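Working notes, structure below.
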Amino acid sequence: MQEPSTGLIDAAARLLRAGGLVAFPTETVYGLGANAADPVAVRRIFEAKGRPADHPLIVHLHDPGTLDFWARDIPEKAFRLAESFWPGPLTLILKRRHAPLAVTGGQDTVGLRVPGHPVALMLLKAFGGGVAAPSANRFGRVSPTRARHVREELKDKVDLILDGGPCQVGVESTIVDLSGPQPILLRPGHITRQQLEDVLQTELIILQHPEQSTLRAPGLMAVHYAPVTKAMLCAGEDLPDIVQSLTAQGQKIGLLGYQQAIRAHLQLHSIRLPQQAEAYAQALYAALRELDRLQLDLILVEQPPETEAWRAINDRLNKATVPFQSN
Ligand code: TXA
Ligand code: MG
């Protein structure tokens, strides 16, 4: 994969200044960017994604030193997290200062992050300001981890797609809310609870039932990060029988496993993901998209371990699937 030339990066920065939309790679997933200071450009993001206007966007920066332009009353904890994890897959929610309400979905808080991908940093540096960017997918769908995914889904809606190769992390950034009295983990990600707590020197509040919260946290709706094909989560030991019985009924089944080997079958499209959490996360969305293209009746996902290392993966899988049930 060849990195975009400086000429192309400069062209992308000019497009942003002119109110355009630029899709760009980050270490987590591809983002759909617009000038965060331009509410008209920001509105184009919502139109392109089909996303409700009250759903806030993350502002991407290249210089943590500009944090206090976008946010106010920044707690010392925020600087410590920024110091430890930026550039990297961490988003901080802080009280809003100059972030337009179009970016924050009308809220008085703003999400900020300095991404770790070299192409993202080059773009942000060339542009100079903040870039508002959600994941570059249609609203409610699986995030893109390859430039090709963005092309397939949003090609006619973006002015330029920068290709930075496959995303290293593969799931969206960890989000920590520091706008209130106690830090809250809003979205688990590659940076773990333990890593955060080690730096914060305090316990994070974990939303157990985020759907009951009044906070506008990520993925609170029933369908989020979901493939179009119905997807069900099932225990590895149940898979052979389930696959056997469904294929015997003539159903076309996709299988996303990491451990359970299932005998090859004509009606079965199986993808074996890595057994290690980080490598699994990196490959997950591309695999879901691949199965989603095959017009299957059902995608079965083998339940991963429920340990801390798999927290972000389980969070996304729980939103993309329902527990297995035979009709
Ligand atoms: O890894 C990522 O975070 C990727 C890359 C492109 O940076 N971005 C991403 O954006 O996942 P998006 O919009 O798909 O998800 C961001 C989530 C949203 O679900 C939103 O609810 C939450 O961040 N968020 C943003 N600003 C917020 C705020 N002020 N308060 C609470 N949640 C916020
Ligand atoms: Mg998203």
Across region 243-277, what is the total count of residues that are without any contact (Cβ under 8 Å) to a residue 12 or more places away in the chain and touching a strand residue (DSSP E or B) at 6+ places or on another chain (Cβ under 8 Å)? 2
Of everything in region 140-167, what is farther than 16 Å from residue 123 by Cα, open to solvent by less than 60 Å² (accessible area, probe 1.4 Å) and outside any loop (DSSP other than H, G, I, E, B)? Give them in sequence order. 149, 150, 153, 154
Checking the conditions here, which among 146, 151 is under 22 Å from residue 2 (Cβ atoms) and free of Cβ contacts under 8 Å to residues at least 40 places away in the same chain? 151
From the list 69, 79, 46, exactly one residue is within 12 Å of ligand 1 (Cβ to nearest atom) and in a helix (DSSP H, G or I). Which is it? 46
What pairs come up if the first residue lies in region 181-200 and is modelled with pLDDT of 95 or more, the second is of a type in the set (S, T, N, Q), and their beta carbons are under 6 Å apart, counting only those six or more places apart or on different chains? 189/173; 189/174; 191/174; 199/84
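Given the residues 23, 71, 53, 11, which is the only one that is under 19 Å from residue 139 (Cα atoms), among the aliphatic types (A, V, I, L, M) and modelled with pLDDT of 95 or more?
Sole residue among the options that is under 19 Å from residue 139 (Cα atoms), among the aliphatic types (A, V, I, L, M) and modelled with pLDDT of 95 or more: 23.
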Residue count for region 163-177, restricted to those that are within 12 Å of ligand 1 (Cβ to nearest atom) and on the phi > 0 side of the Ramachandran plot: 1
Scope region 6-53; condition touching a helix residue (DSSP H, G or I) at 6+ places or on another chain (Cβ under 9 Å), small (Gly, Ala, Ser) and open to solvent by less than 40 Å² (accessible area, probe 1.4 Å); matching residues: 12, 13, 19, 20, 23, 31, 33, 34, 36, 41, 48
List the number of the failed condition for residue 319; all other conditions in (1) touching a Pro at 6+ places or on another chain (Cβ under 7 Å); (2) at pLDDT below 95 hold. (1)
Evaluate the following for residue 180: is it over 19 Å from residue 57 (Cβ atoms) and within 14 Å of ligand 1 (Cβ to nearest atom)? yes
Please go through region 57-70 and give me each residue that is away from ligand 2 (no atom under 16 Å from the Cβ) and either among the charged types (D, E, K, R) or in contact with a helix residue (DSSP H, G or I) (Cβ under 8 Å, 6 or more places away or on another chain) (or both), ordered by number. 61, 62, 63, 64, 67, 68
Identify the residue in region 122-139 that is surrounded by fewer than 21 Cβ atoms within 10 Å (Cβ to Cβ) and not small (Gly, Ala, Ser) and, among all such residues, is farthest from the chain's Cα centre (by Cα). 125
Within region 115-130, is there a residue that is closer than 19 Å to residue 42 by Cβ, at pLDDT 95 or above and basic (Lys, Arg)? no
Qualifying position, being part of a loop (DSSP other than H, G, I, E, B), more than 11 Å from ligand 1 (Cβ to nearest atom) and in contact (Cβ under 8 Å) with a residue 12 or more places away in the chain, among 129, 88, 116: 129
Checking residue 136 against (1) away from ligand 2 (no atom under 16 Å from the Cβ); (2) within 16 Å of residue 25 (Cβ to Cβ), which test does it fail? (1)
What are the residues in region 108-121 that are open to solvent by less than 50 Å² (accessible area, probe 1.4 Å) and within 24 Å of residue 182 (Cα to Cα), if any? 109, 110, 111, 112, 113, 114
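The values are calculated or read from the model by the stated rules, or taken from the named source; none is laboratory data. Keep in mind the model is a prediction, meaning the values are calculated, not measured. Here the Cβ is made from the backbone with ideal geometry for all residues, glycine too, and neighbour counts use every protein chain on show. Only protein heavy atoms, including side chains, enter the accessible area calculation; ligands, DNA and RNA are left aside. Shrake-Rupley method; radii C 1.70, N 1.55, O 1.52, S 1.80 Å.
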